[in-house]
1. Magnitude of the Cβ-charge dipole of the stretch 1-104, K/R +1 and D/E -1, about the Cα centre, nearest 20 debye?
2. What is the packing order of peptides 14-26, 148-160, taking the mean over residues of other C-beta atoms within 10 Å and listing the highest first?
3. So if I place +1 on the C-beta of Lys and Arg and -1 on the C-beta of Asp and Glu, and nothing else carries charge, what would the dipole magnitude of the chain be about its Cα centre? I want it in debye, nearest 20.
4. Keeping the other protein chains in place, figure out the carbon and sulfur percent of the accessible area of the stretch 59-213, with a 1.4 Å probe.
5. Extension gain residue 157-residue 21, at 0.36 nm per residue separation less the Cα-Cα distance, in nm?
6. Quick check on the stretch 120-213: what are the equivalent-ellipsoid semi-axes from the Cα gyration tensor, as sqrt(5λ), descending, whole Å?
7. Please give the FRET efficiency for residue 128 paired with residue 193, using the beta carbon to beta carbon distance and R0 = 25 Å, rounded to the nearest 0.05.
8. With a probe of 1.4 Å, find how much accessible area the chain has per residue, and write the answer as a whole number in Å².
Amino acid sequence: MKILVFGATGKTGREITRQALSNGDEVIAYVRHPENLSEQTGLTIVGGQLNDLDRIEQTMTGVDAVLVALGAVNNSGIEIMAPAVATIINVAKRVGVNRLIVLSALGVAETMLNTAYPYKVTVQTFLAKKFLDHDKAMRLIQASGLDWTTIHPGLLLNGDQTANPVIKNAGVSKKVTGWAYTNRADVAATMLRVIRDATTFGQQLLVLSNAKK
């Protein structure tokens, strides 16, 4: 499978790339700082900006799926996620790539209904600007007409992949009580696993490493 990854230099993006290559997939990493990645068998590194439609179109042509693991608002308060997602959707439609999987967060858009104290208070206060960027991106994804799935983990950790993470459709799930944590390895594994799973099209998936099923 040929996969295009945005955000491949981030912690989760690196884990997605590592697992995909281990699975035997062909990975294209579209990154703003290609010098931050090392060349590996099966990995193509493409340097470019997130607003360069022509560069992204050249890179996206012929891939099977697009996986997005970008951060949200940067330290200067400038939105990253929503503008980038708008560009990615635009290009995907132009080149005929339908499968889009985007890393979001528990508490974004409708998944706020799945949150509870104290996690809910944290995302509504300390993380409010980042989540607003994610919310805007979510609305663009929902209106895209693509075969999309969004992944909504709790607070991200660097632990190993767990044997039985909770993976549920947020639309039919109850509130997640207490603190919600998710290992990046579980996020990466889920994003790769659902690529061909048509039952996840149009779903917001909760992915948790520390919750009971």
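1. It works out to roughly 180 debye.
2. Answer by packing, highest mean first, reads 148-160, 14-26.
3. Roughly 700 debye for the chain.
4. Roughly 54 percent of what the probe reaches on the stretch 59-213 is carbon or sulfur.
5. 46.8 nm
6. With the √(5λ) rule applied to the stretch 120-213, the semi-axes are 20, 19, 12 Å.
7. Efficiency, from the Cβ-Cβ distance: 0.20.
8. I get 47 Å² per residue for the chain.
The values are calculated or read from the model by the stated rules, or taken from the named source; none is laboratory data. As the structure is a prediction and not an experimental result, all values here were calculated from the model. Note that we place each Cβ from the backbone using ideal geometry, even for glycine, and neighbour counts take in every protein chain shown. Areas reflect the complete protein model, heavy atoms only, side chains present, ligands, DNA and RNA absent. Shrake-Rupley method; radii C 1.70, N 1.55, O 1.52, S 1.80 Å.
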